[in-house]
Amino acid sequence: MIDKVKNTWFVKKGVIVIDVETNWIDDWTEQGKRNREFKCGVAFNYDSSKFYKFTNPKKFVNFIKKAKAIVSYNGEGFDFLVLEKFGLKIRKHKNRWKLQGIKSFDILHAINERRAKKNQNKNNKVIFK
């Protein structure tokens, strides 16, 4: 099944999907996330249709810096903070962190936004569609 992931129409040109694994520390503050120890990073590059694994965080950051866009699950709330000390350039954007010079799409953030909007509609008397 994984061998069948393709980018046939190149609509995802320049897109890399990432995830970072770290050690466990029961400190979920911003600084606590920054202090995590990088264990490995994984990426799927749509241009090559290949998966990559990195145990060297600087090589991982250099790899993802080449992307036009990054897709992650809680990257804007966790992964980017972990990777900042290895050269990833980030900036504060509202309640999360965005990449400088690279577009990002955080799946968890999108789910939470949609959930909040749905709950807001439930609390209103009139729902506009």
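We did not get these values from a lab; they are worked out from the coordinates using the rules stated. All values reported here derive from a predicted model rather than from experimental measurement. Positions of Cβ are backbone-derived with ideal geometry, glycine not excepted, and every protein chain shown enters the neighbour counts.
If one computes P(r) from the Cα atoms of segment 48-122, what percent of pairs lie at distances over 15 Å?
I get 59 percent for the Cα pairs in segment 48-122 exceeding 15 Å.
So which aspartates and glutamates pass the test for LYS33, namely a Cα distance under 12 Å, with those fewer than 8 places away in the same chain ruled out?
GLU21, GLU76, ASP79, GLU84
Could you sort out which of LYS50/LYS118; LYS13/LYS53; LYS12/LYS50; LYS68/LYS89; LYS89/LYS117 sit more than 24 Å apart by Cα distance in this structure?
Values: LYS50/LYS118 36 Å; LYS13/LYS53 20 Å; LYS12/LYS50 13 Å; LYS68/LYS89 14 Å; LYS89/LYS117 30 Å.
From LYS50/LYS118; LYS13/LYS53; LYS12/LYS50; LYS68/LYS89; LYS89/LYS117, over 24 Å: LYS50/LYS118; LYS89/LYS117.
Relative contact order, percent, of segment 1-118 when contacts are C-alpha pairs under 8 Å separated by at least 6 residues? Intermediate values should be presented prior to the final figure.
Values: 186 pairs, mean separation 28.3, N = 118.
Relative contact order for segment 1-118 comes out at 24 percent.
Among the trypsin sites (Lys or Arg not before Pro) in segment 11-105, which ones are in a DSSP loop with at most 14 other Cβ atoms within 10 Å of the Cβ? Mind listing them? Don't skip to the answer; put the middle values down first.
Working: sites: LYS12, LYS13, LYS33, ARG34, ARG36, LYS39, LYS50, LYS53, LYS58, LYS59, LYS65, LYS66, LYS68, LYS85, LYS89, ARG91, LYS92, LYS94, ARG96, LYS98, LYS103; in loops: LYS12, LYS13, ARG36, LYS65, LYS66, LYS68, LYS85, LYS89, LYS94.
Those satisfying the criteria are LYS13, LYS66, LYS68, LYS85, LYS89, LYS94.
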